Every structure is written in C-alpha cells, then in structure tokens.
Amino acid sequence: MATKNPELPVETPLNRRNFLKGSAALAGGVAAKAVPTMALAGNPENLPPNVPSWSQGLGDGVDITPYGMPSEFEQKVVRRTVPWLTATPESSVSFTPLADVYGIITPNGLHFCRHHGGVAGINSHDHRLVIHGLVDRELIFTMHEVKRMPSVSRIHFLECAANGGMEWRGAQLEAVQFTHGMISCCEWTGVKLSTLLDECGIKPKAKWLLAEGADASGMTRSIPMDKALDDCMVVYAQNGEMLRPEQGYPLRLFVPGWEGNMSIKWLRRIEVGDQPWHTREETSKYTDLMPTGKARQFTWFQECNSVITSPSMEKPINGKGFVEIQGLSWTGQGKIKQVDVSVDGGKNWHPAQIDGPVFDKALTRFRLPWKWDGKAALLQSRAIDETGYVQPNFSELRALRGEWSIYHNNSVHTWKVNTGGDVENVQLS
Ligand SMILES: Nc1nc2c(c(=O)[nH]1)N[C@H]1C(S)=C(S)[C@@H](COP(=O)(O)O)O[C@H]1N2
Ligand SMILES: [Mo]
C-alpha cells in the first residue's frame with residue numbers, strides 16, 4: 001500500500017442529541033444506552049434484527065490470501081509522511097499511526113521508516129556480512145551461517161532521535177502520528193553481536209566498531225565496544241517473520257535504547273577498531289545544538305518519554321462521561337517505573353495503571369480512567385524510569401538545551417480538549 005497522506009482517521013465526536021434520537025429509533029424505543037455507538041454509522045440493512053449481508057452466503061476460502069492483509073475497513077490505519085519535511089521520499093521518514101495501534105507491539109506494516117537512500121532491494125542469497133579489522137579471524141557470513149548461530153528474541157522499541165524534533169520551537173503538527181510516530185516496538189530475533197564477535201575473536205586493543213549498511217547511502221555509525229558486547233544484536237526477524245525490506249532485510253544491527261540511526265539496516269560490514277570513526281571526516285553523526293552555540297555529541301540513548309495516544313487529535317472525545325486515557329511510555333535506560341497523568345496542565349498528577357509485563361527498553365502502555373465533564377481540559381503524561389529520571393516539561397528542557405536542537409525532544413506533551421471534545425496540540429509556557 002503506497003498510500004501518501006490519506007485523510008487522517010479522525011473519529012468525529014458524536015452529537016449527544018443525535019445519539020439518543022438515533023438509538024431510540026433503531027432499538028424501537030428500548031433503553032437508548034444499550035445500543036452501541038457504532039451502530040449509528042451503519043447501514044440499517046445490516047443491523048439487528050436483520051441478517052447482515054456477510055451472513056447470507058459463504059465467504060472466501062482459506063486459499064484466497066496466502067499472506068493475509070488487514071480488513072479493508074482499516075485502510076486508513078497506515079504510515080503517513082509529512083511532505084514538506086524533506087526534499088525526496090528516498091531520504092525521508094514515515095510515521096507510525098500511534099493512535100490506532102494496540103498493546104505494545106507495532107505490526108510490521110506500520111513500523112515507521114527512516115531511509116537516507118531508499119530501501120535496498122537485497123536478495124538474501126547474495127547478501128554477506130563481513131567482519132574485519134582488529135580481530136583474530138576476518139570472517140564473511142552468509143545469511144545461512146548467521147541463522148545457524150544461537151539466537152535470541154527480545155522486545156525493544158526503536159526510535160529516531162528526531163522523534164518530536166519538529167516541536168522544539170512550538171506546537172506544530174496536527175496528529176500524534178506526526179508528533180511522536182517515529183517510534184515502533186517489535187520482537188526482534190537474531191544473534192547477539194557478542195556471539196558474532198566471539199567467533200572472530202576481538203583483539204585487546206579493540207574499543208569501537210563501525211557498522212555499515214548496503215543501501216545507496218552506505219550509512220555508517222560508530223558503536224562503542226561496551227555497548228556492542230552488552231546488548232546489541234544482529235537481527236534478521238521482526239515479530240515472527242523475516243525483516244521487512246524497509247526495516248533492513250535481510251540483516252540489521254539493533255542497538256537497544258539508543259538513537260535509531262545507530263541500528264544500521266541492510267548490515268553488510270562491521271569493522272573493529274581502536275577509536276571512533278566519528279572523529280574522522282568521512283563519517284557523520286547526530287549532534288544537538290545548544291543555546292551556547294556549542295553542540296552535544298555522543299547523545300546516544302533515548303531519554304524517558306511518553307505521550308497520550310487517546311484522547312488525541314485522531315481520537316476526540318465522544319460526549320461527556322467515561323473516557324479511558326491511554327498512552328505509551330518508554331526509556332532507553334531500562335524499564336518504565338511509573339507514569340503520571342494530569343488533566344489540568346500539570347497542576348495535579350494521578351498515577352496511571354501500567355500494562356505489564358514491562359520490558360526493558362520497550363514501549364509500555366498506560367491507562368487512566370477519567371470522567372469528562374465537558375469542560376476544556378489540558379491532558380499530559382509524565383513518565384519516570386527505573387533510574388528515577390523524570391520526564392521534563394518544555395520549560396525545564398529548554399532551560400537545559402535551548403530550542404535549536406533537532407534531536408532528543410522528550411518533553412511532557414500537552415493535548416487541549418475543547419468543549420466539543422475535539423483535541424488540539426498546544427504547548428504551555
Ligand atoms: N543502512 C541504513 N541504516 C539506517 C538508516 C539508513 O538510512 N540506512 N536510517 C537510520 C535511522 S536515522 C533510523 S531512525 C532507523 C530507522 O529504522 P526503520 O526504518 O526500521 O524504522 O534506521 C537507521 N539505520
Ligand atoms: Mo533517525
């Protein structure tokens with residue numbers, strides 16, 4: 001599905017009076033609240049007590065969809081792009097529809113994409129991983145050889161360092177898909193990088209790795225050896241199937257909790273060295289411009305962050321009464337410990353319920369039951385991770401970092417609920 005910027009799936013708030021009128025008519029005057037809201041949008045011929053069209057004949061056989069697709073009625077749940085953001089789609093980003101995913105696992109077809117030179121269309125039989133440099137044995141692995149090695153499967157988020165980056169200087173984008181959708185979370189399967197390095201034998205002087213992709217951008221990143229041996233993986237599968245081409249098929253580096261750009265896709269080469277390639281001109285890195293005019297570098301891990309995904313601009317409130325506030329939280333430094341939610345712009349905080357099990361460096365869903373009284377409200381979430389770090393608000397973050405960064409915006413985010421139930425992206429001073 002190569003849909004570009006289809007209309008956002010906004011659920012229009014229901015008019016309360018129509019709701020009551022409609023349900024009474026359909027239910028023949030029986031208790032209005034017993035009729036589900038969805039019924040109002042439906043074709044009366046398919047509604048009780050009629051037999052709907054899909055019950056009147058046989059459906060498709062088991063052989064119709066060898067590889068299954070989502071329901072045709074979910075066509076608006078897709079990745080989207082912001083056309084003005086970049087000059088070309090080959091060096092750009094698409095966003096995960098965070099308001100329309102459930103639980104903590106991102107379906108493979110909805111994983112955000114960030115490419116610098118387009119998707120490399122690799123034939124896995126011809127793909128090789130070369131490991132060389134400060135090693136006892138320089139080795140070339142086929143995919144078959146990589147898959148023969150002891151494997152691990154782990155659930156981790158992957159987040160672009162630029163997630164939220166367009167909001168540094170003010171509220172700008174009109175969907176949670178765009179304010180926070182450069183994050184996804186999958187079960188990744190592959191070989192621990194330490195297992196591969198053991199196979200080659202690293203020399204005592206080895207302190208850094210260079211990872212290189214086989215795409216047209218030939219993207220490279222330097223990884224410190226401590227991290228490489230700690231929890232990095234060379235993965236070939238995501239959520240139970242081989243990686244999607246967009247995610248680096250057939251092989252990618254996965255650096256848990258760190259900036260997405262270090263998780264080199266279409267991984268073809270690892271060079272072992274004694275110093276970072278950052279210091280050499282041929283390799284780029286991401287830096288954060290500070291108010292002083294100096295830049296921070298080696299800002300590798302993704303700070304503790306969270307966002308409310310419903311209500312949100314895509315999920316306005318349908319009338320007064322019960323609303324479950326829901327959202328996602330994450331931290332590159334371990335596990336989420338607590339998430340607080342405010343409905344009054346941060347004056348009062350309420351501890352949210354955390355959906356377990358909570359995984360290390362993984363999306364963590366939170367919920368808070370709320371009764372909306374129909375008045376304007378300012379919704380916020382604030383995550384705390386197991387190191388005790390508390391997600392900052394914008395004034396705290398700007399005091400530290402200014403507002404000229406592109407990367408690492410992990411500020412508390414605010415949604416303003418208006419009296420009609422629609423939601424706006426705002427920033428509190
Ligand atoms: N070879 C290669 N690896 C790459 C990139 C790329 O363009 N080429 N983009 C990086 C960036 S900036 C990010 S955020 C992640 C995005 O991974 P995804 O497209 O699977 O979401 O891949 C990283 N690895
Ligand atoms: Mo990125």
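The values are calculated or read from the model by the stated rules, or taken from the named source; none is laboratory data. Bear in mind the structure is a predicted one, so any value in this text is a computation, not a measurement. Virtual Cβ from ideal backbone geometry, glycine too; neighbours counted across all protein chains shown. Accessible surface areas use protein heavy atoms only, side chains included; no ligands, DNA or RNA. Shrake-Rupley method; radii C 1.70, N 1.55, O 1.52, S 1.80 Å.
Observations
- Springs between Cα atoms under 10 Å define the GNM used for the chain, and in it the highest mean-square fluctuation of E403, E199, E212 occurs at E199.
- Here, P(r) means the percent of Cα pairs in each 5 Å bin from 0 to the largest distance; for the range 128-233 it is 2, 10, 15, 18, 19, 12, 9, 6, 5, 3, 0.
- The slack in the chain from F298 to V130, taken as 0.36 nm per residue of separation less the alpha-carbon distance, amounts to 57.9 nm.
- The residues packed around L251, meaning those with a beta-carbon under 9 Å from its beta-carbon, carry a net charge of +3 if Lys and Arg are +1 and Asp and Glu are -1.
- Given R0 = 41 Å, the distance between the Cβ atoms of S395 and R244 translates into a calculated FRET efficiency of 0.55.
- Apolar share of the accessible surface for the chain: 54 percent from carbon plus sulfur atoms, 1.4 Å probe.
- Relative to the 2.2 N^0.38 Å rule of thumb, the range 197-274 has a C-alpha radius of gyration ratio of 1.08.
- The residues of the range 70-140 have, on average, 53 Å² of accessible surface per residue, using a 1.4 Å probe with all protein chains present.
- Simple spin-label estimate for A376 and L289 in nanometres, 7 Å along Cα-Cβ: 3.4 nm
- On a per residue basis, the range 241-346 carries 35 Å² of accessible surface, using protein heavy atoms and a 1.4 Å probe.
- DSSP-defined antiparallel bridges as percent of all bridges, the range 301-426, nearest 5: 95 percent
- Two-decimal ratio, the range 97-181, of alpha-carbon radius of gyration to 2.2 N^0.38 Å: 1.57
- Helical content of the chain, expressed as a calculated mean residue ellipticity at 222 nm, amounts to -2500 deg cm²/dmol (DSSP H runs of 4 or more residues, -39,500 (n - 2.57) each, divided by residue number, nearest 500).
- Each label was represented as a point 7 Å from its Cα along the Cα-to-Cβ direction; for E386 and V152 these points are 1.4 nm apart.
- Cα gyration tensor, the range 340-427 - rounded (a/c under 1.5), prolate or oblate: oblate
- Centre separation in Å (Cα based) which lies between the range 51-126 and the range 316-330: 25 Å
- Listed residues P357, P83, P52, most fluctuating in the chain (Gaussian network, C-alpha, under 10 Å): P52
- Largest-first ellipsoid semi-axes for the chain, taking √(5λ) over the Cα gyration tensor eigenvalues, angstrom: 42, 28, 18
- Rg in Å to one decimal, and Dmax rounded to a whole Å, for the range 217-373 via C-alpha atoms: 20.0, 62
- In this simple spin-label approximation, E90 and Y67 carry label points 7 Å from Cα along the Cα→Cβ vector, and these lie 2.4 nm apart.
- Annotation for the range 120-199: trypsin sites (Lys or Arg not before Pro) lying in DSSP loop with at most 15 further Cβ atoms inside 10 Å of their Cβ are R137, R169.
- Listed residue pairs exceeding 25 Å between alpha carbons, taken from K320/K416; K207/K294; K147/K335; K227/K335; K147/K205; K227/K337: K207/K294; K147/K335; K147/K205
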